[in-house]
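Worksheet for the structure shown next.
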Amino acid sequence: MAEHDEHSSFIKTPQQLITVILLAFLVPILSIVLLVQLVVDRPRADASAMAPEAVSARLQPVGKVEFGAAGGAAAAKSSEDVVKEVCAACHSAGIANAPKLADKAAWAPRLKLGLDGLLKSVVNGKGAMPPRAGTSLSDDELAGAVVFMANQAGGNLKEPAKK
Ligand code: HEC
């Protein structure tokens with residue numbers, strides 16, 4: 001009896017046979033239906049996610065760099081900021097013979113030009129220094145920077161009255 005069991009099918013009743021036959025049809029058909037759906041269906045993500053605005057928002061670069069004054073053109077920079085951020089690029093290391101910051105010997109002969117003369121050099125450019133030192137700063141801002149630089153190097157210039 002035990003031997004006979006080993007070789008017998010696990011289908012023992014007509015109901016089991018019917019179930020197996022049905023499953024033999026249904027399982028492959030269901031698989032095919034699901035596979036076809038997988039291939040044919042579009043991604044079912046939120047429909048608005050594919051809107052042009054949403055797509056371009058996702059395509060934005062990770063960061064933006066903005067140059068210039070943070071507060072817009074209206075916010076004038078302090079003279080110290082201008083010198084540190086713009087003028088120091090050349091003047092702290094003395095690039096291309098720029099008179100170094102706080103170098104009294106280098107500034108002494110130039111200080112004789114007075115604020116007007118020095119400002120003129122900056123506005124028009126001099127030697128390797130481009131006009132307006134390559135910036136779009138206003139005359140007032142440039143004058144303030146000149147005063148700050150000159151006074152660091154032993155000058156005694158007065159900040160001009162703001163217009
Ligand atoms: C690109 C480099 C560079 C930058 C930026 C720069 N300078 Fe100069 N600057 C020079 C050089 C070079 C000289 C020397 C020019 C010469 O005498 O031939 C000079 C000279 C000067 C002088 C003396 C001018 C004279 O008549 O003797 C002043 C004042 C001055 N710079 C102010 C400034 C101020 C203010 C800024 C910032 C707003 C600035 N510079 C930014 C390169 C630079």
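No value in this document is a laboratory result; all are computed from the given coordinates. Just so it is clear, the structure is predicted and the values come from calculations on it, not from any experiment. Neighbour counts run over all protein chains shown; Cβ positions are idealised from the backbone, glycine included.
Annotations for the structure displayed:
- Among 58-64, 112-118, sorting by the average number of other beta carbon atoms lying within 10 angstrom of each residue, highest first, gives 112-118, 58-64.
- Shown in residue order for the range 9-18 are the 3J(HN,Hα) couplings computed by the Karplus curve 6.51 cos²θ - 1.76 cosθ + 1.60 at θ = phi - 60°: 6, 7, 8, 10, 10, x, 4, 5, 4, 4 Hz (x for Gly and Pro).
- Over the chain, relative contact order from alpha-carbon pairs under 8 Å, at least 6 apart, %: 17 percent
- Only helices enter this figure: runs of n ≥ 4 DSSP H residues, each worth -39500 (n - 2.57), summed and divided by the residues of the chain, yield -14500 deg cm²/dmol at 222 nm to the nearest 500.
- With 10 Å bins from 0: P(r) over the chain, alpha-carbon pairs, percent: 8, 23, 14, 7, 7, 7, 7, 6, 6, 7, 6, 2, 0
- In this simple spin-label model, placing a label point 7 Å from the Cα along the Cα-to-Cβ direction at both A161 and L26 gives a separation of 9.7 nm.
- Label point distance in nm, L113-L38, each placed 7 Å from Cα along Cα→Cβ: 7.7 nm
- Set K77/K104; K77/K158; K100/K120 screened for pairs whose C-alpha atoms are more than 21 Å apart: K77/K104
- When E141, E53, E80 are arranged by Cβ crowding within 10 Å, least crowded first, meaning fewest neighbours, the order is E53, E80, E141.
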